[in-house]
1. What number of residues in region 113-133 are under 14 Å from the mean Cα position of the chain (by Cα) and either among the charged types (D, E, K, R) or open to solvent by 30 Å² or more (accessible area, probe 1.4 Å) (or both)?
2. Please enumerate the residues belonging to region 40-55 that are within 10 Å of the chain's Cα centre (by Cα) and not in a loop (DSSP other than H, G, I, E, B).
3. Hey, D137 hits all of (1) over 20 Å from G51 (Cβ atoms); (2) open to solvent by less than 60 Å² (accessible area, probe 1.4 Å) but one; which does it fall short on?
4. Within the set of pairs 6 or more residues apart or between chains, which connect a residue that is within 19 Å of R159 (Cβ to Cβ) and basic (K, R) inside region 98-125 to a residue that is open to solvent by less than 10 Å² (accessible area, probe 1.4 Å) and assigned to a loop (DSSP other than H, G, I, E, B) with Cβ atoms less than 6 Å apart?
5. What are the residues in region 52-67 that are open to solvent by 60 Å² or more (accessible area, probe 1.4 Å), over 12 Å from A105 (Cβ atoms) and not aromatic (F, W, Y), if any?
6. Can you tell me which residues in region 68-80 are open to solvent by 40 Å² or more (accessible area, probe 1.4 Å) and more than 19 Å from Q155 (Cβ to Cβ)?
7. I'm checking my understanding of the structure. Among residues of region 89-112 that are among the charged types (D, E, K, R) and in contact with a Gly (Cβ under 6 Å, 6 or more places away or on another chain), which one is most open to solvent (accessible area, probe 1.4 Å)?
Amino acid sequence: MTKIHPTSFVDPGAVVGDGTSIWHFCHVQDGAVIGRGCSLGQNVNVAGTVGNGCRIQNNVSIYKGVTLQDNVFCGPSCVFTNVLVPRAAYPVHGEYLETLIKEGASLGANCTIVCGHTVGRCAMIAAGAVVTADVPDFALMAGVPARQIGWVDRQGRRRDTLEECLAAEPGCTPS
């Protein structure tokens, strides 16, 4: 059963999957798609696409052009951009760069994902990191700009090599 708090708005034309919970002061915009079994914390805005089983913490905006695959975690106040050169006097009117967050990735609190990049499957972005380039599957990223500091397996356990990540998940290969 889908739960939508009475202080939240789901526009006509938005799709919200079964079993999704939308908490206080959220806005799901026309054209947005949210999968099954998701949780949107307080003050979340969605105009993009959210897969099944995603957890989006408070104060996150999923703009048009941003796609979260299944089981993505977005920590509190993580930030997505969708325009590389924003200018108030020269709006782009819907010409947004695509950003893809692949299945199982985790984005830490207050991290920033600059538009036009892909965060790989099961990657983990540290709190406060700024992602300015594509991120490999299973990579552990930290810093400003974000740099790879290690590897994590599907469960988020730190590993020394990509091979160890893959060995922890039989039949799993990087995309």
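1. Matching residues across region 113-133 total 9.
2. Within region 40-55, T49, V50, R55 qualify.
3. (1)
4. Cβ pairs passing all conditions: K102/G120.
5. Scanning region 52-67 gives Q57, N58, N59, K64.
6. Matches in region 68-80: P76, V79.
7. E98
Let's see how each residue does on (1) in contact with a Phe, Trp or Tyr (Cβ under 9 Å, 6 or more places away or on another chain); (2) among the small types (G, A, S):
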residue	(1), (2)
N45	yes, no
T49	no, no
Q57	yes, no
G65	yes, yes
F73	no, no
P76	no, no
F80	yes, no
P86	no, no
H93	no, no
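The values are calculated or read from the model by the stated rules, or taken from the named source; none is laboratory data. Note that the structure is a prediction, hence the values are computed from the model and not measured. Note that we place each Cβ from the backbone using ideal geometry, even for glycine, and neighbour counts take in every protein chain shown. The accessibility values were calculated without ligands, DNA or RNA, using every heavy atom of the protein model including side chains. Shrake-Rupley method; radii C 1.70, N 1.55, O 1.52, S 1.80 Å.
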